[in-house]
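Structure, as structure tokens:
The values are calculated or read from the model by the stated rules, or taken from the named source; none is laboratory data. Here the structure is a predicted model, which means the values were calculated and not measured. Cβ sites come from the backbone with ideal geometry, for glycine too, and all protein chains shown count toward neighbours.
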């Protein structure tokens, strides 16, 4: 089932369960998705594909994590908790992200595949990782790990 359909089904279920916080977050995701679809129309794209939806969800999570940090610095724990709850709902729609040993193994394979030897070859390694593991990568974490592996 496409990610867009999963989102619609989850919204309906949440509304029927009268879970206001979850419904609010799901509606926020739907609104962002609609904005992204509208932005893609001049390019001749009617609806963005799942991989771009995943990228959109990851950016939403990143902005919320940044907000959590700022709220905690400002001693606004209730707002930080709200953002963390939104992150939990958004993460439900993401496939398993490569982390730790799995990420390191994927990076080692990409380095071997591309023959990379120095940080100058980072672009090739990242491209190989995206080709094989695109939706399962958090690019901010992966790029740092690639840089460390090549450095």
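General observations
- Among residues that are within 17 Å of residue 139 (Cα to Cα) and touching a helix residue (DSSP H, G or I) at 6+ places or on another chain (Cβ under 6 Å), residue 79 is not included.
- Residue 6 within 20 Å of residue 97 (Cβ to Cβ), part of a helix (DSSP H, G or I) and at pLDDT below 95: yes
- Candidates are the residues of segment 104-138 that are without any contact (Cβ under 8 Å) to a residue 40 or more places away in the chain and closer than 24 Å to residue 61 by Cα; the one that is surrounded by the fewest Cβ atoms within 10 Å (Cβ to Cβ) is 131.
- Note on segment 66-78: among residues that are touching a residue at least 12 places away in the same chain (Cβ under 8 Å) and more than 18 Å from residue 32 (Cα to Cα), the one that is surrounded by the fewest Cβ atoms within 10 Å (Cβ to Cβ) is 71.
- Residue match in segment 6-28 (condition: under 23 Å from residue 139 (Cβ atoms) and free of Cβ contacts under 8 Å to residues at least 12 places away in the same chain): no
- Helices (runs of 4 or more DSSP H) lying entirely in segment 26-143 (those with 2 or more residues that are more than 29 Å from residue 10 (Cα to Cα)): 50-73, 100-114, 122-133
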